[in-house]
Amino acid sequence: TGAILTGFCVIICLMGVCICYQISFALMMSGLPDSFNPLWYMSQADQTLYFIYLSAVLVYPIACARNVQFLSPVSFVALLCLALGLLVLIVFGYEKVYSIEQESQEGIFQWPSWPDSISDGTSYMGIALYCYGLCVICFPIEESMQDNREFSKALIYSCVFVTVFYSFVGDVLSAIYQFDPNG
C-alpha cells in the first residue's frame with residue numbers, strides 16, 4: 001500500500017510540475033511583443049490555450065524517449081539561458097520599476113498570505129509542486145550512486161545550495177518588483 005501511495009503521489013507531483021511549466025511557457029509566449037509573437041492576432045485567452053498545446057507538442061517526443069542521454073550536451077546551454085533569463089528579469093525590473101516615480105510605496109513584507117484569485121492559487125500550487133519535487137528524484141539518484149553512503153552529504157550540500165540560490169534570486173527579484181504598479 002505504501003509503494004502504491006508513493007507512486008501515486010509521484011505521478012500527481014510530476015503532473016503538477018508539467019502543468020506549471022506549460023502555463024509558464026504559455027504566459028511567457030503570449031506576453032511577448034507583437035513583433036515576436038507568432039499568434040499576435042489572437043485574443044490573449046486563445047494565445048494562452050494554443051501555446052499550452054504547442055508546449056505539449058514540443059515536449060511529447062522527448063518525454064517518450066527511453067534514453068534522454070542525447071540531451072546532455074544541451075544542459076550547459078540551458079543553464080546559460082537560465083542565468084541570462086534571471087539577468088534579464090533583474091535588469092528589466094530595475095529599469096521598469098525604478099525608472100517610474102512611485103506614488104505609493106508599500107513595505108517589502110506586506111504581501112498577502114492567501115491567494116487573491118483562482119489564478120494566484122494555481123500559480124502558488126505550481127510553484128510549490130516544483131519546489132518540493134525533490135522527493136521524486138532522490139531514490140533513483142541514491143540507487144545509481146557509486147558510493148550511496150555519501151548520498152546524505154550530497155543531499156545536504158545540494159539542498160543548501162538550492163535554498164541559498166533560490167532565496168537570493170527570490171529576494172533580489174522581490175525587492176526589485178515590490179513597487180511594480182502592475183502588482
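The values are calculated or read from the model by the stated rules, or taken from the named source; none is laboratory data. Because the structure is predicted, anything quoted here is derived from the model rather than measured. Virtual Cβ from ideal backbone geometry, glycine too; neighbours counted across all protein chains shown. SASA here: full protein model, heavy atoms, side chains in, ligands and nucleic acids out. Shrake-Rupley method; radii C 1.70, N 1.55, O 1.52, S 1.80 Å.
With respect to residue 154, determine if the residue is among the hydrophobic types (A, V, I, L, M, F, W, C), under 30 Å from residue 7 (Cα atoms), open to solvent by less than 80 Å² (accessible area, probe 1.4 Å) and at pLDDT 65 or above. Steps first, please.
Values: among the hydrophobic types (A, V, I, L, M, F, W, C): yes; under 30 Å from residue 7 (Cα atoms): yes; open to solvent by less than 80 Å² (accessible area, probe 1.4 Å): yes; at pLDDT 65 or above: yes.
The answer is yes for residue 154.
For residue 22, the conditions (1) open to solvent by 60 Å² or more (accessible area, probe 1.4 Å); (2) touching a Ser or Thr at 6+ places or on another chain (Cβ under 9 Å); (3) not basic (Lys, Arg) all hold with the exception of (1). Of the residues in the range 57-71, at least one is β-branched (Val, Ile, Thr) and over 27 Å from residue 119 (Cα atoms).
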